[in-house]
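What follows is a set of notes on a single structure, which appears directly below.
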Amino acid sequence: MASHAQPAFPPLSLLSLVTFFVVLAVVCVTGLSIQGPWLGLTVEPAGDRGLAVVSVHPEGPLTGELSPGEHLVAVTAPDSGQALSLRTYDPAFNPHSQSRYQGYNDYMQYQGKIASALQHDAVNLELSDGSTVTVNALSSRPISSLPVAFWLLNLFGAMACLVSLSVWMFRPGHWPARLLALSGSGFFFATLLHSVWEARELALPRATFELLMRGNHIGLHLLLVSLLVLMVIYPRRLPTAKWLVPGLLLLTVAQQLNENLQLWNLPQHTFYLPLAFYYLAGVTAAVIQWRLARYHPLDRGALRWLFLSILMAMGGGMLVYFLPALLGYAPLSDLTTMVGIASTLYIGFALGILRYRLFQIERWWFIAWAWFLGGFLVLLVDLLVVSFLGVNQGYALTFSVLAVCWLYLPFRQWLWRRLLPSSEVYMEQYLPGFVEALFTSLPGKEAEHWRSMLVTVFQPLALETGEKPVARTELVSNGARLLVPSLNDDAPALSLLYGQHGRRLFTERDRKLAEALSAVASRVCNLRAARMAGADQERKRIMRDLHDDVGGRLLTLMHTATEERYVNLARGALSALRETIYALDERRRYNLQDMLDEFRLELEERATAAGLNVVWRGVPPAGSISLPPRYFINLRRVLSEAVSNAVVHGGSGQLDVYFSVNAHQIEFQLENVLRCDTSENSDRFRGRGLNNMYTRIAELEGELSLFCRVGEAPRFCLHAVVPIPTDKEL
């Protein structure tokens, strides 16, 4: 586990803080965009006919004065008397579409004059029919009048900003993550400023428009340069990166100085040619990275997503907007659509994280986002409720208070508990079950219970395996990680990443709690080991006593008995005693094929004596599968009891025996005719023998089914499936 710098507070808290500032920035530009003067008109260019009125806002000052379909041809401020023509004027024009500084400056100057004219108390609007309408523009406009493009631009920018910054929050010391965060921040800054001039009605003050344009281009170049440097150093640093990156930054600074000081017009298109250069440089870097990764399939997989996201998204924007403008043609789409296409690159980054662990981030990144959005949902519910209650009149105050107290607040509390559980841990809920599970678990399952307990108590974003063992619980990376010892002293430590699904860092209290849990787990494991050691010693004593005492007596009886019947009984008892002794020796193993061969011989001998015809089906070779004594004895006794039931309760006829063995399980079924009907049999067979079979199969974690087939001759069936234990389980 590599050590990386971590933030000084939880990433989800940092993400919440960033979201607050993003929302605050959108609120600020919204406030700037609704500042007047506002006429309440939606217009579109109509060539020499001026501006066609598309709609008149009902809250605007021109309601009833103008109608859709009329054309504005000039704006005149009464005090100056200068008529500013609106013929061939486009209020939604993007000044950077002009290929030369002169065209850019001419448009900015003219639309600035229109903005100055609209600042007067009374403005004359000349219509195409020669009539004039005098209007007092409002000093502000309602938020509902802002165009959809304004909200889409801010949505695209906020999404890019939050996705890119959330990657950096989990990998703050990782340079590719830093560059991604810079690109997302530049994207948001560019779209934030762009949304203001996109929302303009007819014009903006020139100084304001100039400032918005300069800031937008700085954000756009920050976005492109960051992505280009990212492609130069990720996933492998290009050999020329030492001089290429500083040279690229110097070139960008020089280009921005030239643009802001308007020193020199670039060939073809002063504003868009550098954007084409960035894209071509990115394609070149992608080709070099692809060649360097030809022997590294994982890097190539990541490159597919990285380059698909960057080159396809940015290539789409270049194709539909920048390239046509660069060549002197009309763009294929508006700027808002182009920005939407470009923003998909951050969705590509998110999918790359899911698919190829881009930036070395695991899938828990999506879990963190799910918890963050859950908290955001709670706040949204709060906002909706407050908004709903805000429209109630005074006479409904009592009802509103009761509704909030009885309905909303309980629902809100429930939602908070469901989505954002408290960091307070009540150990009395978990500790008894954990101790019981650890004390009674099968050998080799202790680590599984320990990991499950840590996940339940601390709810980390991820539980990983460290590089080396630790003696005590440790807080590392400013609380971003909690290192907990494994139950096996030689095993690497367990590393917990961020508590409460990424909502908080680990604290000293968490460290002490994990240390206490580790101490409890160690004591339980030691107690369990002591119990097993004592049980092993007791088994060995019982084995000695049975072998030396009872075994000796049975052997003597077998040799001194005068009747063959007693000799056979003593021999059978001695054989059963040996099986019992062997069952106590956990180190002994039995070959499954030998057991099946012995069982088949015994079954045929007993069945023939009882007049039963044995039919074997599906008896595969068991190979070298070996079983511990507990499995051998239990299976042997269940099969023996099943044969006894068939001999005692079955009629003469056929006994079907089915066996199937693979590397994972043993499956067998015995089926015989009954001498009684099914109703009599259902009560008759509920005795100690069947109960013992259920108990023995359950002890092996298998399943046993006993049922009757109804027909002309009722048949009794015993079906069992027993898993074969692995070496770890033994």
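The values are calculated or read from the model by the stated rules, or taken from the named source; none is laboratory data. Model, not experiment: these values are computed from the prediction. Methodologically, a virtual Cβ is constructed for each residue, glycine included, from the backbone with ideal geometry; neighbour enumeration extends over all protein chains shown.
With the requirement that a residue be touching a Ser or Thr at 6+ places or on another chain (Cβ under 6 Å) and in a strand (DSSP E or B), what does segment 66-78 give you?
Passing the criteria: His71, Val73, Ala74.
For segment 683-705, which positions are among the aliphatic types (A, V, I, L, M) and modelled with pLDDT of 85 or more?
Residues satisfying the conditions are Met693, Ile697, Ala698, Leu700, Leu704.
Looking at Lys512 and the list (1) surrounded by 12 or more Cβ atoms within 10 Å (Cβ to Cβ); (2) free of Cβ contacts under 8 Å to residues at least 60 places away in the same chain, which single condition is not satisfied?
(1)
Part of a helix (DSSP H, G or I), under 30 Å from the mean Cα position of the chain (by Cα) and of a type in the set (D, E, K, R): does that describe Arg214?
The answer is no for Arg214.
Can you work out which of the residues in segment 615-631 that are small (Gly, Ala, Ser) and either in a helix (DSSP H, G or I) or closer than 15 Å to Thr726 by Cβ (or both) is modelled with the lowest pLDDT?
In this case the residue turns out to be Ser624.
Scan segment 9-65 for residues that are assigned to a helix (DSSP H, G or I) and over 45 Å from the mean Cα position of the chain (by Cα) and jot them down.
Passing the criteria: Gly47, Asp48, Arg49.
Any residue that is part of a helix (DSSP H, G or I) and within 24 Å of Gly316 (Cα to Cα) - is there at least one of those in segment 263-271?
no
Determine which member of the set Tyr104, Tyr89, Tyr110 is in contact with a strand residue (DSSP E or B) (Cβ under 9 Å, 6 or more places away or on another chain) and surrounded by 16 or more Cβ atoms within 10 Å (Cβ to Cβ).
Being in contact with a strand residue (DSSP E or B) (Cβ under 9 Å, 6 or more places away or on another chain) and surrounded by 16 or more Cβ atoms within 10 Å (Cβ to Cβ) holds for just one of Tyr104, Tyr89, Tyr110, which is Tyr89.
State which residue pairs qualify: first residue assigned by TED's automatic domain parsing to the domain that holds Leu223 and assigned to a loop (DSSP other than H, G, I, E, B) and inside segment 238-262, second residue small (Gly, Ala, Ser) and surrounded by 14 or more Cβ atoms within 10 Å (Cβ to Cβ) in any location, beta carbons under 8 Å apart, and separation of 6 or more residues or different chains.
Pairs found: Leu238/Ala285.
With the checklist (1) surrounded by 20 or more Cβ atoms within 10 Å (Cβ to Cβ); (2) in contact with a Leu (Cβ under 8 Å, 6 or more places away or on another chain); (3) of a type in the set (A, V, I, L, M) in hand, flag the one item Val133 doesn't pass.
(1)
Return a yes/no flag: does segment 63-70 have any residue that is β-branched (Val, Ile, Thr) and surrounded by fewer than 17 Cβ atoms within 10 Å (Cβ to Cβ).
Checked segment 63-70: at least one residue is β-branched (Val, Ile, Thr) and surrounded by fewer than 17 Cβ atoms within 10 Å (Cβ to Cβ).
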